[in-house]
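The values are calculated or read from the model by the stated rules, or taken from the named source; none is laboratory data. The structure displayed is predicted, hence computed values, not measured ones. Cβ placement follows ideal geometry from the backbone for every residue including glycine, while neighbour counts extend to all protein chains displayed.
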Amino acid sequence: MKYHKKHLLTFLSSTLLLTTSCEKDLLDQPNPNLPTAETFWKNSQDATKGIVAAYSGLQLLGNYRRWIYFDYDLRSDEGFSSSPWPELQNFTKFILTDYNFEVNSVTWGNHYVGINRCNQVLAYVPGIQMDETLKTQILAEARFIRALHYFNLVSLYGRPVLATEPSTADYRPPQASSEQEVWDFIVQDLQAAKAGLPVTYSGTDLGRATKGAATALLGKAYMQQQKWTEASTQLAEVISSGRYSLAANYRDNFRHDRENGSESVFEVQFTAEYSADRDDDYAGASEASQRAQFFGLPTKGWTDGEARSWLIDEFLKEKTTTGQKDPRLAATLFFSRNRAGYPYDAADPVDQDDKAYDNQTLDQRFATDAYNRNRVYWRKYENDYWKNVEGYYSPINHRVIRYSDVLLSQAECLNEQGKTTDAITLINLVRRRVGLADLSGLSQSALRTQLMHERVTELAGETWRWHDLRRWGLLDNQAGIDQLKSRDPDFNTYVVGKSKYLPIPRTDVDIAGLAQNPGWN
Amino acid sequence: MPTLLYFLPLSVLVAPGAEAAGMRVTELVRAVAPAQTVTGRVVDEKGQGMPGVTVLEKGTSNGATTDGDGRYSLTVADNAILTFSFVGYLTQEVAVNGRTSVDINLAPDSKALNEVVVVGYLRLPTEQVTGSVTQVNQEQIRRAPVASVTEALQGRAAGVQVANSGAPGQNPIVNIRGVGSIQLGSSPLYIVDGVWTNEIRDINPSDIESSTILKDAASLAPYGSRGANGVIIITTRRGKQGKPAFNFNGYAGVQNIAHTYDLAGTAQWADITRQMYENAGQTPFSGAANPPAINTDWQKALIQSGRVQSYNLGLSGASESANYNVSAGYFNQKGTIVGPKFERYSVRVNTGANRGRFRIEQSAQFSRAMTTRVNGLPFIDVLRMLPIIPVRDSATVSGYGFGNTNQITFGTNPIGQQDVYNNTNLENRLIGSLAPEIKLFDFLTYRLNLGMEYVGFLDRTESKYGQAGGLRMNEPIRPAQLYESRGERIFLLAENTLNFQRTFGKHNVNAVAGYTEQKNTIRNTVADAQGFGTGPTYYWSLGAATGSASVGGGTNKWAKRSYLGQVAYDFDDRYLVTGAVRRDGSSLVDPVNKWGTFSAFSLGWRISREAFFENVPLFSDLKLRASYGQLGNDNLSEYLYQRILNPNVNYPLGGGASQPVQNGATQNQLSSNDLRWEKRKTTNFGFDASFLDNRLTLAADYYISRTTDALVNPAIPLYEGNVGGNPFTNLGELENRGFEFQAGYQNTTGNFRYGANANLTTLRNRVTQLAFEGQNYTSGPGGVTRTVVGQPVGAFYLMHMLGIFQTQAEIDAYEKQPNAKPGDVKYEDLNNDGVISDADRRFTGSPFPKLQYGFNLTLGYKNFDLAALFQGVQGNDIYNVTRYWTDRMDDNGNFRADIRPWTPSNPSTTTPRPLLGGGQNALMITDRWLENGAYLRLKNLQVSYSLPKTITEKLAGVGSVRFTLTAQNLLTFTKYTGYDPEIVGAGSLARGVDEGNYPNVRTITGGLQVGF
């Protein structure tokens, strides 16, 4: 009996031992797959990866990869949508029934994805032991990118939420109390960025934000606030730096093989190189723009966005010193040269340049399709100059700020300060490139009107028109809207006091109790 | 390595040691007294010989089993005491006193209505159960011609909600006592022969011996952090004493979709579409202006007749010291739409042995299941495709017709989608347990339960050239692509328990203490490659890819360690008390909250055992019971609390032609901070009664269960910039309460047998607290549901349609929709702010049935049997997304054939005018799409005929032959206009939404069961 019991106990205890003692740290299961915030942010390589990720935020769908062109170019009087997607058509008509409509919610949300990446750099990089010069630069880059996001948010939504720390599940940063508060925030970021950014980059750093980029954006930020003096101080600094000059050929600004050139102040980088057929954050995923596909003409792209025909007339208002049409017309738009009232001239280079894709004109392509033949399509940023199709992988960098914009902006600031003659000098630099005659002797108010023309012809389809309309006050009163209506019937459904801002997506109003923009309640 | 250590060597170690111990016991006893042989016969209450009765020499392992006629023979000491035992009969002890012949009459045990029930780590006689426990018998389960046990449980047990879809290979959604979690998994824990698992789709229903559903805290506390959602214990068949028995059962039949929409043909469609464009002041596209001579019936093209077949072959038997059951099954289902199918092979081996104080039970099932999945939302797309689009169109890259500028629709060709994508899942699964047990003393048993589940899986999608771009307007045409995700999941379980059982006078104690460990590891490798040409012949191997390729994969692990104790005590079978506690440590929650303790207790009073109750003739038994306790839910995925970086947030820098992509890293997805267990506190009151010599049984329960620290991952503000799934937090509290009734009646009159079972469940689900005032979670397509305090989880939050504006005067008088035109929808200004906007929403309808019921009727006459199960729900509403598509008339798609849009000459009060772009006419967030979801369904009807013994006796070797004719989902009574009122919902926060749910199928099968 004794033996029996002892035997059992031995058996029992050995069993228990076996099942209990194998893994002392059984309940501590570290992540075997990926780094965490605790294990990351240790050295300069980590800091560099962090800032690369922040730049990558500019490529999101709601930013320069896709929707921002709908927000700006199509909602302005330059463009519109006749997409078969009715909500998208309505979007450019300022009609939203669902405030979480994809374009609206992704625009808003993706800007904050980008901001969160900047905020992580700003929160974690200061604690890293690393080269101080590089650290200063990386922090300045993060502030520049963050400022650019807020520039867009304030322009579209008026009173965004001011997130300044890495997001956590319960992070509830304050909503800006006024537009002015956002502009002040942007100015602060850009001043810091300007102080920490290098003047140029070389090698694999090319494409990062420079001191010039921060200065130019700061100038534009002041300008949007109509702080002409402060703005012109900044823009003058960019001009006098001597770092920038206009590209000899206007069209080089919209090609994938002439990127980061002398005229470029800041570009969002895109490339068609990808190995994985997806556009999220994944090894080998796409780093390309989708604008060309969405604005491409029928059979080549989706044609979800197109141009208003008054743009053609705007280009036709002036001829070059050699009596030809403004070459920027052919660079900006595709259209049938047989359209009613168009002064076709077979000898004019603009009218010779009427073929796109497959060496066909629109008249040839849509010989039996009057509707598609007579539409006006965006050519800027399309790939017709080297390809016969469009696709989701356009490699063309988006030029956020071009030097010609700096010149025209400075001209406007100077003119507003009464320095009309100085302003004309700058405008003439832009005009000469495309062969237009110099301006002279315009009054302040005449130049104001002239500048509106200059900015359209130089910058149409480059997202700036919306900012211009805002700055010129055309979006604030019925007189302005009536003017815009005459060019773009989308403004028939624009409501003064409401449509200047997009509605804040329903999710954020519902969950976080954000104040909805006026008129959208 | 460590996992193997704690798992494998035990079985090696256990066997020799225990065997030695067992032999020693026998030898010791034999040394005491001279032996003699006793023979005899055991008969039942009707005087018939009872086979399989265990005859034991008391205090030893020396025993025998009666033969087919009830006879036994055993050599015992001449002063031995013999015990005769048989399930359902009172055990008798008889002293031999030198006799050589002992005959016995065994009397049925009236209190053992059923056998013992497993509750936690104890096996209790049913009359001692004080919690809420429901058993569903195996015959009922096997009656349903379905792939899984859970499907067969539907309507059979009070308090158990099962939601099926008709998709082959589906895994039904099962909720016990409502939704206990706002967003975490609310599925119960399944325990199959001692192994914990989250799904039992591939457990062959034909192998089931019993299924027990544990519902209240007292029964569930032993499962601690996995108990909150209820537990379903499945035991599989073991060999029964007697000669080896072969049996075969099989059935085959057809399946179809009982109800489809009556959709517009080309002429009607074109007419409404033209109105839609003209009302918006636009020119209709050419296909609507001049429709071609095509009239495609998309539903007919998609839906086909399905078939189902199932065959099972088994061999089982047992001797007094060993038992075995070996069975093999095959199940095959071809979908009721083109494409999907499901096929499963399974093999089960269950064995057991006992010798002396040592006992071991083994069970294992291997299954191989192959599913071809449904792609996309075909039941929505058939409504969106236009009748002028041909199913096949040689002009497109895929060969399938779809929208273009002449035939605008953004619907996807659903037939092409099933063909262009071949999306399959393969699962090889081994689930099994090995449980050695040793009786240390008569009152103390040590049991080691080792369980494992191994799943080897392969998910594979072959996408032919023309995927997306060849099926839907404006999608990019993507190259042919092959995706494979291959991996394995291994779950290991080791449970050490010491079981104490002893009677002290009138005090009975049954207790258990244990220590357990669990570990789960998933590893997978993902590969994705493009470039397989343009067909029609494809070589679907990764090595054949000529285009870009990418890889992924990883390892996820979690582990749990637990201490547990459970006690059942009764005094004189009259006063019953149980208690249980479990302390769990888990790697899934934030390390600061790693440990959690869960406990419960219950009380029972068997009034029928009281002296004063003896004179109440009606009752055979009456028991009152109550329980209270706290359970947990940790249905989380790994590493959620960690702030994980995405290592591939890349950006091209450096310019030039190469523009090298540089590697960036950031935390894209927010972490879930401070995660704790979700806790569920349940109070239960109930009674069990039986009448008329147990012919009529009745059980009723009332419960209140409160979930606190509910883990939710609500939508967070977009300005948080989160990418990927939202973080979890312990925010909510919610409450479920309800009544459950279960009644049964069985009787036999001459050749006529009849019985009825009914169950009824009421449910009230309410969110009682969220993180802060006004917090809500929006879900469902278009955000039609909202989860807030005071409403059920996933309540409908919608605008209210008042009717249709008939005249401009009416619009002018209303003032609130100044832009409306006659024929537009009129909405109620619920917030009285003078304008109609999405602020004018209210809570309406109910996503949960207020009442659900099942009614099971069995009739038998001689060799014929009939069984019918009716099942239904009442008091719920369904948001019908399919009707949104047929009726919206603001975007291109097809329409109901009986739609009569408003026109000046047809002043409809329910259907607005067609209007492209629609303004407010076709808002999703309105109650225009909400419908009554009540239904009554003849879920199962079975007629069977058994060949009489006189015939089977003439067939050599055949024991029994039974023919069956079965219909599943034969009849449905409902007002719901969609495909099927039985829906699985659109996620846990939108379970009342029918987003093109694959309708349940009507199945008619013929079957045969043969025993040899």
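Candidates in the range A:208-217 are the residues that are assigned to a loop (DSSP other than H, G, I, E, B) and under 21 Å from A:Leu459 (Cβ atoms); of these, the one that is farthest from the other protein chains (Cβ to nearest Cβ) is A:Thr210. Could you tell me whether the range A:111-128 includes any residue that is farther than 24 Å from A:Leu475 by Cα, part of a loop (DSSP other than H, G, I, E, B), modelled with pLDDT of 90 or more and more than 9 Å from every other protein chain (Cβ to nearest Cβ)? Checked against the condition, which is being farther than 24 Å from A:Leu475 by Cα, part of a loop (DSSP other than H, G, I, E, B), modelled with pLDDT of 90 or more and more than 9 Å from every other protein chain (Cβ to nearest Cβ), the range A:111-128 yields at least one hit.
Conditions (1) surrounded by 12 or more Cβ atoms within 10 Å (Cβ to Cβ); (2) more than 7 Å from chain B (Cβ to nearest Cβ); (3) at pLDDT below 90, marked per residue:
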{"residue": "A:Thr10", "(1), (2), (3)": "no, yes, yes"}
{"residue": "A:Leu17", "(1), (2), (3)": "no, yes, yes"}
{"residue": "A:Cys22", "(1), (2), (3)": "yes, no, yes"}
{"residue": "A:Gln29", "(1), (2), (3)": "yes, no, yes"}
{"residue": "A:Leu34", "(1), (2), (3)": "yes, no, no"}
{"residue": "A:Ile51", "(1), (2), (3)": "yes, yes, no"}
{"residue": "A:Gly57", "(1), (2), (3)": "yes, yes, no"}
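Picking from residues in the range A:444-456 that are surrounded by fewer than 21 Cβ atoms within 10 Å (Cβ to Cβ) and touching a residue at least 24 places away in the same chain (Cβ under 8 Å), the one that is nearest to A:Glu314 (Cα to Cα) is A:His453. Among the residues of the range B:537-546, none qualifies, meaning not one is under 30 Å from B:Gly632 (Cα atoms), at pLDDT below 95 and surrounded by 14 or more Cβ atoms within 10 Å (Cβ to Cβ).
Out of the residues in the range B:737-787 meeting the condition of being among the β-branched types (Val, Ile, Thr) and surrounded by fewer than 17 Cβ atoms within 10 Å (Cβ to Cβ), tell me which one is farthest from the other protein chains (Cβ to nearest Cβ). Residue satisfying both the conditions and the ranking: B:Thr749.
I'd like to verify a number: residues in the range B:889-929 that are under 27 Å from B:Phe843 (Cβ atoms) and in contact with a Gly (Cβ under 7 Å, 6 or more places away or on another chain), how many? Within the range B:889-929, residues that are under 27 Å from B:Phe843 (Cβ atoms) and in contact with a Gly (Cβ under 7 Å, 6 or more places away or on another chain) number 5. Of all the residues in the range B:880-902, those that are in contact (Cβ under 8 Å) with a residue 60 or more places away in the chain and part of a helix (DSSP H, G or I) number 5.
Which of the residues spanning the range B:571-586 are outside any strand (DSSP E or B) and free of Cβ contacts under 8 Å to residues at least 60 places away in the same chain? B:Arg574 - this is the single residue of the range B:571-586 that is outside any strand (DSSP E or B) and free of Cβ contacts under 8 Å to residues at least 60 places away in the same chain. Restricting attention to the range A:165-195, the residues that are away from chain B (no Cβ under 14 Å), over 23 Å from the mean Cα position of the chain (by Cα) and either touching a residue at least 40 places away in the same chain (Cβ under 8 Å) or within 30 Å of A:Gly261 (Cβ to Cβ) (or both) total 1. Considering the conditions (1) touching a residue at least 40 places away in the same chain (Cβ under 8 Å); (2) touching a Ser or Thr at 6+ places or on another chain (Cβ under 6 Å); (3) of a type in the set (D, E, K, R), B:Glu733 is excluded by exactly one of them, (1). Of all residues in the range B:213-228, those that are closer than 15 Å to B:Ser186 by Cβ have Cβ atoms under 6 Å from Cβ atoms of residues that are among the hydroxyl-bearing types (Ser, Thr, Tyr) and crowded, with 24+ Cβ neighbours inside 10 Å, 6 or more apart or on another chain, in B:Lys215/B:Ser132.
One line per residue, one yes/no per condition, for (1) surrounded by 24 or more Cβ atoms within 10 Å (Cβ to Cβ); (2) out of contact with any Cys (no Cβ under 6 Å at 6 or more places or on another chain); (3) of a type in the set (A, V, I, L, M):
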site: A:Tyr64; (1), (2), (3): yes, yes, no
site: A:Phe80; (1), (2), (3): no, yes, no
site: A:Phe101; (1), (2), (3): no, yes, no
site: A:Asn116; (1), (2), (3): yes, yes, no
site: A:Leu122; (1), (2), (3): no, yes, yes
site: A:Gln129; (1), (2), (3): no, yes, no
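Restricted to strands (runs of 3 or more DSSP E) entirely inside the range B:118-210, those with at least 1 residues that are closer than 28 Å to B:Ala252 by Cβ and without any contact (Cβ under 8 Å) to a residue 24 or more places away in the chain are B:160-163.
Of the residues making up the range A:85-99, those that are at pLDDT below 95, assigned to a helix (DSSP H, G or I) and either more than 7 Å from chain B (Cβ to nearest Cβ) or buried (at least 24 other Cβ atoms within 10 Å of the Cβ) (or both) are A:Glu87, A:Leu88. With respect to the numbered conditions (1) at negative phi; (2) within 20 Å of the chain's Cα centre (by Cα), which one is the sole condition not fulfilled by B:Asn969? That leaves (1) as the condition not met.
Here the range B:964-1009 is the region considered, the condition is being in contact with a Leu (Cβ under 6 Å, 6 or more places away or on another chain) and assigned to a strand (DSSP E or B), and the residue that is surrounded by the most Cβ atoms within 10 Å (Cβ to Cβ) is B:Ala967. Picking from A:Thr457, A:Thr507, A:Thr493, which residue would you name as being away from chain B (no Cβ under 14 Å) and either among the polar types (S, T, N, Q) or farther than 28 Å from A:Glu306 by Cβ (or both)? Going through A:Thr457, A:Thr507, A:Thr493 in turn, just one is away from chain B (no Cβ under 14 Å) and either among the polar types (S, T, N, Q) or farther than 28 Å from A:Glu306 by Cβ (or both): A:Thr457.
Of the residues B:Ala322, B:Ala318, B:Ala328, B:Ala267, only one is of a type in the set (Gly, Ala, Ser), surrounded by fewer than 19 Cβ atoms within 10 Å (Cβ to Cβ) and either under 22 Å from B:Val374 (Cα atoms) or at pLDDT below 95 (or both); which?
B:Ala322
Restricting attention to the range B:615-660, the residues that are out of contact with any Asp or Glu (no Cβ under 6 Å at 6 or more places or on another chain), within 10 Å of chain A (Cβ to nearest Cβ) and on the phi < 0 side of the Ramachandran plot add up to 12. Output yes when any residue across the range B:712-727 is part of a strand (DSSP E or B), within 31 Å of the chain's Cα centre (by Cα) and more than 14 Å from chain A (Cβ to nearest Cβ), and no when none is. Taking every residue of the range B:712-727 in turn, none turns out to be part of a strand (DSSP E or B), within 31 Å of the chain's Cα centre (by Cα) and more than 14 Å from chain A (Cβ to nearest Cβ).
Out of the range B:276-290, which residues are in contact with a strand residue (DSSP E or B) (Cβ under 9 Å, 6 or more places away or on another chain) and either surrounded by fewer than 21 Cβ atoms within 10 Å (Cβ to Cβ) or free of Cβ contacts under 8 Å to residues at least 12 places away in the same chain (or both)? Let's see the steps before the verdict.
Kept after step one, since they are in contact with a strand residue (DSSP E or B) (Cβ under 9 Å, 6 or more places away or on another chain), are these residues of the range B:276-290: B:285-288.
The answer is B:Phe285, B:Ser286.
From the list B:Asn350, B:Asn413, exactly one residue is under 30 Å from B:Ile191 (Cβ atoms), at pLDDT 95 or above and more than 14 Å from chain A (Cβ to nearest Cβ). Which is it?
Within the list B:Asn350, B:Asn413, the selection yields B:Asn350.
For (1) surrounded by fewer than 23 Cβ atoms within 10 Å (Cβ to Cβ); (2) closer than 28 Å to B:Asn350 by Cα, each residue gets a yes or a no:
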{"position": "B:Gly120", "(1), (2)": "no, yes"}
{"position": "B:Thr126", "(1), (2)": "yes, yes"}
{"position": "B:Val162", "(1), (2)": "yes, no"}
{"position": "B:Ile173", "(1), (2)": "yes, no"}
{"position": "B:Trp196", "(1), (2)": "yes, yes"}
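Please verify whether A:Ile128 is hydrophobic (A, V, I, L, M, F, W, C) and farther than 25 Å from B:Val723 by Cα, treating the condition exactly as stated. So that I can check it myself, show each step before the final result.
Details: hydrophobic (A, V, I, L, M, F, W, C): yes; farther than 25 Å from B:Val723 by Cα: yes.
Spelling it out, A:Ile128 is indeed hydrophobic (A, V, I, L, M, F, W, C) and farther than 25 Å from B:Val723 by Cα.
Which one of these is in a loop (DSSP other than H, G, I, E, B) and touching a residue at least 60 places away in the same chain (Cβ under 8 Å): A:Ser76, A:Ser105? Spell out how you get there, then give the answer.
Numbers: A:Ser105 fails: in a loop (DSSP other than H, G, I, E, B).
Sole residue among the options that is in a loop (DSSP other than H, G, I, E, B) and touching a residue at least 60 places away in the same chain (Cβ under 8 Å): A:Ser76.
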